[in-house]
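The values are calculated or read from the model by the stated rules, or taken from the named source; none is laboratory data. Remember, it's a predicted structure, so these values are computed and weren't measured experimentally. Here the Cβ is made from the backbone with ideal geometry for all residues, glycine too, and neighbour counts use every protein chain on show. Only protein heavy atoms, including side chains, enter the accessible area calculation; ligands, DNA and RNA are left aside. Shrake-Rupley method; radii C 1.70, N 1.55, O 1.52, S 1.80 Å.
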Amino acid sequence: VCHVPRSSSSFSRMMMVPTVLVVAVPLLLFVGFQTLSRVEAVRYHPLTHSVSISHGPRRHPWTSSETGGNGASTSSGNCLHSLLLRGGASVMEEEKEATDDDGDNENDTLTMDVRQRPDYADIQKYRMEQQILLQLRSAVLSEALALRGVPIPSLKDASTPEGSKPPEKTDWECAISTEEDPKECIYTLASEVGTKVIAPVKASGEPDGWITVTNLNRLRRNDVSKVETMWHKKYAILDSWFNPDSEYSILQHVGPKGVFLNVLLDKRVLPLVVGFFMTFAMIVFMPVIEYFVNRLLVSAWLWNKWLSWARIVRLGLPFKLMVGQMALGVLGKAFKKLVGKVKDYLVQLECEILDETIPLTMGVPTPAPAGEESAEILVEEEEVLEKLAHEDEDEDDESSDDED
């Protein structure tokens, strides 16, 4: 008895399963072989109980061989797959170490190649020149910042070689240059008669190089780097004579006016003071300034030149900004000149104050004792009386001659 299926649909479902198996099994095998062909390393980590599969450039003798051409092994260098089990370990660190090792090897190879090049000497010379230029630029920048008051090491800190003697503080001697005892100035070579000169004191107590007080103060204000070089940097002139905390300071003799000028010129606040007084003067004379500005704006002279300055008014904003920048530059230069003139006047005033107040320590005329003064006065009186007596005798002789 033949069994006839109830329907054709069940038969078709039965035939579908072998068909799917026939198609799927070869496909899975193909994908599996392709994946295995790209596997570079399979590691088991006993501490984390994990297995990692890497596809990096590292090769091991127990891994599968490379594929030729542009195969899967070459293209899989950028791929990374991790098979994590219970420990959760990854192959990221392993792959990173492998890449770093390969990079170091390549750098070593490149370094060796550069050293073996025929123009390696020129390359080394160029690198040395660039290094020297970099150091010079750093030195110039350090000097500029140090002059602006930034606490940064400069050439002054490196100017004293190791083992040499730094400048030492010293006392001073002050005298007047006279015709009988002229003092040679180390700055102008000849000092005028009647001017005060000052000099540092050697260890033996003798003065070491005279310079006029005026020239010394002008050097301190206009070019401070030349002050200590006048004595070959043997003496710390600035710290000894112009530091209020020094025991040899000459500022203790200048009085309140000299102290005020010293603070004003030392702290570099002169531009701020000049700007403040200019602003104060503008506020005080604002009505007068407004009157003259209004008269200028409504004057015929200004509007007759409309064709000249109308071009600037109708130009675009960038050009107006450029004109404004040029105008600010001109005003800045004029302000600097004004500050320079005020500084020259104040420096001259400070020189006069120093010249008047610094006491003399050499060539001071000593007063004679009282007995000697009275004796000299008596001698002078006797001489005067003798001269008068001789004059009277001569007059009597002349009168007698006339009578005869």
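Which entries of K267/K320; K257/K337; K196/K234; K233/K337 show an alpha-carbon separation above 30 angstrom in the structure shown?
K267/K320; K233/K337
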| query | Where the centre of each part is set by its Cα atoms, how far does segment 283-331 sit from segment 176-227, in angstrom? | reply | 52 Å
| remark: The answer for the net charge of residues other than K337 whose Cβ lies under 14 angstrom from its Cβ, with Lys and Arg +1 and Asp and Glu -1, is +3
| said: Let me check against my output: what whole-number percent is the relative contact order of segment 150-308, with C-alpha pairs under 8 Å and at least 6 apart? | reply: 15 percent
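Using the heavy atoms of the protein chains alone and a 1.4 angstrom probe, what is the accessible area of segment 142-280 per residue in square angstrom?
62 Å²
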| note | With every protein chain kept in place and a 1.4 Å probe, the residues H232, H253, H390 fall, from largest accessible area down, as H232, H390, H253
| What residues qualify as long-range amide H neighbours of T195, i.e. H under 5 Å apart, gap of 5 or more or another chain, H built at 1.01 Å from N? | S177
| request: Show S204, S299, S177 ordered by accessible area, largest first, where the area counts protein heavy atoms only and the probe is 1.4 Å. | output: S204, S299, S177
| Leaving out ligands, DNA and RNA but keeping every protein chain, what accessible area does D208 have, in Å² rounded to the nearest 10, with a 1.4 Å probe? | 30 Å²
| message | Given a 1.4 Å probe and heavy atoms of the protein chains only, how would you sort E143, E383, E350, largest accessible area at the top? | response | E383, E143, E350
| field | Amide H partners (placed H, <5 Å) of C185, local residues excluded | value | A190, S191
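With a cut-off of at most 11 other beta carbons within 10 Å, and DSSP calling the residue loop, which GluC sites (Glu not before Pro) in segment 214-295 qualify? Please list them.
E247
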| task | Would you kindly find the accessible area of V269, with a 1.4 Å probe and non-protein molecules such as ligands, DNA and RNA excluded, rounding to the nearest 10 Å²? | result | 50 Å²
| request: Run the 1.4 Å probe and let me know the accessible area of C174, rounded to the nearest 10 Å². | output: 0 Å²
